[in-house]
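Colleague: Can you keep this structure in mind? I'll have questions shortly.
The values are calculated or read from the model by the stated rules, or taken from the named source; none is laboratory data. What you see is a predicted model; the values in this text were computed from it and never measured. Here the Cβ positions follow ideal geometry from the backbone for every residue, glycine too, while neighbour counts run over all protein chains shown. Side chains included, ligands, DNA and RNA excluded: accessible areas come from the protein's heavy atoms. Shrake-Rupley method; radii C 1.70, N 1.55, O 1.52, S 1.80 Å.
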Amino acid sequence: MEIPVVQTLQRAWAPLLAHKLKNNPQTSLDGRQFGFAPIPLSQPIAKQILSPEEMESISGKIDSVAKLLCKMEPLRVSLGNSVSWGELAYVLIQLRNDTFIIFGSGHGGVACTERAFKLAVLTTSHFQLVRNLCAAIPSNQEKACSFRLYESAEEILSYLSSWLITSSSDSCPTVREKSMMCINMGTQMLANIMTANPVVQNQLWPHYFKEADLLKQLLQLGEVKTAKYVLLLIFNCTHKSVDRSMLLVNSSIGKDILKTILREAKQITAEDDSLFDIIYVIISNMVELGLAGSILKTLCHQHIARSITAKTVLSDEHLTFFQIIDGMIDSQYKKDGKIAKLGIDAIVCIGMVMTRMVGTFELEISKQERMPEMIETKGNICADNTALVDSAILMLQILGRLTMGSEMTTVCKTGLIRAGLVKALISLLRILDVLLPRETLSDSKISVETELDENLRAASMNVKTDILRVISNLSHQSVEIQNEVRVLGGIPLILNHCRHDAANPFIREYAIFAIRNLCENNLENQRLIASMEAKGVEQDPELENVNAYLDENGKLRLGERKTQTSSS
């Protein structure tokens, strides 16, 4: 089988090689010296490029070999040892030069529509040949890398991508379709040259962040299939490799690629939801490698809460990243009951993002100058900031889980205080208390003029519950956090939520548990609560579980209730 296949390739390449020897007889075929230069465009196309019939004939022969390689792994091995890689390298160079001649000039952006169509088909056939030849055969991958087959392929892909973007979408529809197929096959070829081969990956992967921005260019085409192949390439090269993953957060091109992936995730996954799974594994792999903090720092160089309204408080890339983090935490917790580890830097950075979100909301409110009339206009304010509510819920869910984990050390909590998280949480809770005051059973109806959308109201109420949850978790066995909450005036605010709320019946339990954690081994907080009058606070059996009760004067007392015994 091997000899006939080699002969088929030789017959297929004969016209291309004859064309090369005729126009550039001194050029080496070793695939390393690209001495070939295209004939000046002043000469007729027919003298520079093979005829459509010749290209079609060659494509048929190459396709037949590519199909055999796809089915027969032994043939891939034997052909890799017998094929002339130098000739293959030259053929790709020839196809590159022909692409430069045909595309980008003439009517509709091509010098000759028929030749452009056949050239795209012929190039696709050769990309498929190399793709199949390199599939799961390390020696062939290394030869393809050694003979730099990727360089000509990259130039073709980049040139066709530029042509597709700059030319009219109405011109040459069949050529555009075939060009897109060529780009997709070329991307698969590049992926197969590197897949599961660390030697080749270490040599080629850095190339895409220093000398070429091809991956970014391909993603910007907005084509779902192309995006899928690029994402698979990125996953294969970064999986379980810290060094290669670091290029996505340490280089300028890498940062742009990372942001593009996260920013365009919503759009591309709308057409093919499997793409989100690939994005998920790319990001989760980087997080598991300890790069969550680096990713966040990359994203946080963007404007967060700076010249930005609450309606867009988090950019699309931030939202996608935090959704993936939330999914990772939830998946890990369901799997073994443990909290996923992100690293202290990442947790503190999440705290900073939350702080900036609250700052943005405060700024929006101050601009509206509605603080004195919030109760009357609360429906408008909440409706105007739906995005903030949604973003806050996501961030608080993440913080609610993370603050239960083993990474919540003294150092981490100190970092969160410095990031302003505790202050931001108390501030947000105070604002929401004005916007959405507690409802009693007797007056739980809202007037038509200020009625909130039920989903928005429920979401806003959940924010209050999640804030109490995070404060409770942070306060656990942390005198520093306990004192910070007291200094910021948070204890009376939290204590106010120990009462029944018809709109949010579970918030009381979270508030009680938060008070318990705030008072644990903290005499100052205990004294503060003991000195306060809990006006209107109903005696709650849950208070007994935290060793607290209301005395006959309505004051909250710590310790066990003293019972009076009757004398006989």
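Colleague: List, in order, the whole-Hz ³J(HN,Hα) value for each residue of region 159-167 obtained from phi through the Karplus relation with A = 6.51, B = -1.76, C = 1.60 and θ = phi - 60°; use x for Gly and Pro.
Modeller: 5, 5, 4, 4, 5, 5, 6, 8, 7
Colleague: Only sites in a loop by DSSP and with at most 12 other Cβ atoms within 10 Å count here; which trypsin sites (Lys or Arg not before Pro) in region 491-532 make the cut?
Modeller: Answer by residue number: there is no such site.
Colleague: By the scheme Lys and Arg +1, Asp and Glu -1, what is the net charge of all other residues having a beta-carbon under 10 Å from that of residue 52?
Modeller: Net charge in that neighbourhood comes out at -2.
Colleague: Continuing with this model, one more query. With every protein chain kept in the model, how would you rank 317, 151 by accessible area, 1.4 Å probe, largest at the top?
Modeller: 151, 317
Colleague: While we're looking at this one, here's another question. Among the listed pairs 210/334; 335/423; 259/334; 143/341; 143/210, give every one whose C-alpha distance is greater than 32 Å.
Modeller: As for pairs spanning more than 32 Å Cα to Cα, those are 210/334; 335/423; 143/341.
Colleague: Please list 513, 235 from largest to smallest accessible area, probe radius 1.4 Å, with all protein chains kept in place.
Modeller: 513, 235
Colleague: Right, another one. What ³J(HN,Hα) values, in whole Hz, does the Karplus curve 6.51 cos²θ - 1.76 cosθ + 1.60 give for region 476-482 when θ = phi - 60°, with x put for Gly and Pro?
Modeller: 4, 6, 10, 4, 4, 5, 4
Colleague: Could you tell me which trypsin sites (Lys or Arg not before Pro) in region 160-226 are loop residues by DSSP with no more than 12 other beta carbons within 10 angstrom of their beta carbon?
Modeller: Answer by residue number: 210.
Colleague: Further question on the same structure: Amide H of residue 110 versus every other amide H placed in the peptide plane: which residues, excluding those fewer than 5 positions away on the same chain, fall under 5 Å?
Modeller: Placed amide hydrogens put 104, 105 under 5 Å from residue 110.
Colleague: When a/c is below 1.5 the answer is rounded, else prolate if a/b is larger than b/c, else oblate, so apply that to region 210-273 with a ≥ b ≥ c taken from the square roots of the Cα gyration tensor eigenvalues.
Modeller: prolate
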